[in-house]
Amino acid sequence: MVGILIQLALSWLLVWFFDRSNLSVLGLVPTKVRLQHFVIFFLIATSFSASGFGLKMWIGQQRWQLNPAWSLDLIADGVWFNIKSVLYEELIFRGALFYILIKKLGATKAIWISSTAFGMYHWFSQGSLGNPMGMLITFLVTGAMGLVLAYGYTKTQSLYIPIAIHFGWNVVQQVVFSNGPIGKRLLIEVLPQSEVTVSYFSFFFMQLFPIVGVLVVCAFVIRCLKS
């Protein structure tokens, strides 16, 4: 949490030196509209994130069970980890520097720069550096997500939409289905996996539907919002 506070302090200094603004340019103050946006996009992100596991259970016959070691503290710790990690990344990639880029270069160029940096950052955070195919997939997926997150900020001048999408996706992956760097949380996969042969179409549908779906739907809904 100390790191987040330091980020906020540095963000304030950046925008103050740039144009004598304050952190209000990041749209952090809660309003009725912003909270509504948060709920809507959080639900969209969690639904699509969970759909990937639902498809794997349906088509790939994967099975999941409640973690025998689960506890409220374990779940709360996982949620808190995701809150901190999402805020950390959003303040870096859609925070003060992004605001300055928009003012200097315009929204379109700023969005592309932010999403490119976001995609490259995940080479390190997801451990794909050195694996060309892994790097390409990581960059395309997280870079595309970065485009939508940055679009959400530029349309509303607020971080509520990117935070909602980012947090909603991650918390389902990492806390609900224990698919991430924080270990076992609520549900764990039943092993050994059943050996199931699926078509190429089914395989790619399972992999692509959740991420393509969340990106397309979120981008469409953002576009429909009033500026």
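What follows is calculated from the coordinates using simple rules that are stated; it is not laboratory data. For clarity, every value in this text was computed on a predicted model and none was experimentally measured. Every residue, glycine as well, gets a Cβ built from its backbone with ideal geometry; the counts of neighbours run over all protein chains shown.
Laid out as a table, the results:
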item	result
Between 0 and 90°, nearest 10: helix 72-93 axis offset from the chain longest Cα axis	40 degrees
Neighbour net charge for PHE53 - beta-carbon separation under 13 angstrom, K R +1, D E -1	+1
Stokes-Einstein translational diffusion, the stretch 1-141 - Kirkwood Rh over all Cα pairs, 0.692 mPa s, 37 °C, in µm²/s	180 µm²/s
Where labels lie 7 Å past Cα in the beta-carbon direction, separation of PHE209 and LEU13 in nm	4.9 nm
Given charges at beta-carbon only (K, R positive; D, E negative), |dipole| of the stretch 51-134 in Debye	360 debye
Lys, Arg +1 and Asp, Glu -1 on Cβ, resulting dipole of the stretch 79-227 about Cα centre, debye, nearest 20	640 debye
Distance between modelled label sites at LEU225 and GLU195, nm, 7 Å Cα→Cβ extension	4.9 nm
